[in-house]
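What follows draws every value from the coordinates through simple rules; no lab data is involved. No experiment lies behind these values; they were computed from the predicted model shown. Neighbour counts are summed over all protein chains in view; Cβ atoms, including those assigned to glycine, are modelled from backbone coordinates with ideal geometry.
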């Protein structure tokens, strides 16, 4: 126990003694190493939130078809986590927009449970493909890599479509405002579908570079 405390203290002193510039350089180097752990570089579109991606890999296998399928399954799991995060973000933003229309009995706990259900439904029903994917085989160790690329606008569209349900709207919007909210949702969906087409073209360009 004492040895652990001594080591930890030494690490703290070492980091502290690096100074801001050197510490930043160390962080940059670690980030670089993390990115280089996969053959895929972070895309600018991902950094600004226009797309979500899932990266997966499979160790060398005698059957390349099985290797590819395993890599895609791994990438799906990674993508699912990011889609859930995107759904949560859009859900919270939407609930904030509807705050002034909130009926009695609509509490935060109910909203969280509804959101979790929506996350599961979207992942189970929508994340089946087909998607735009990038593939890479490491010739040194035979690892099969896959990156699935999905527009964020597609994920938001999936959620907004489900938010149109009359039964769901009644939980979070007073009856006198449901028609207005439905009209707003439809406008959002029209804009999202237009943006989705543009984003899908961007993804297609990325994949075919």
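Fewest Cβ neighbours within 10 Å first, please rank 200, 169 accordingly.
Numbers: 200 16, 169 20.
The fewest-first ordering by Cβ neighbours comes to 200, 169.
Treat the count of other C-beta atoms within 10 Å as a stand-in for reagent exposure and order 52, 146, 137, 65 from fewest to most.
65, 137, 52, 146
Please give the contour-minus-distance gain from residue 135 to residue 207: 0.36 nm per residue of separation, less the Cα-Cα distance, rounded to one decimal in nm.
Working: separation 72, 0.36 × 72 = 25.92 nm, distance 0.94 nm.
Here the answer is 25.0 nm.
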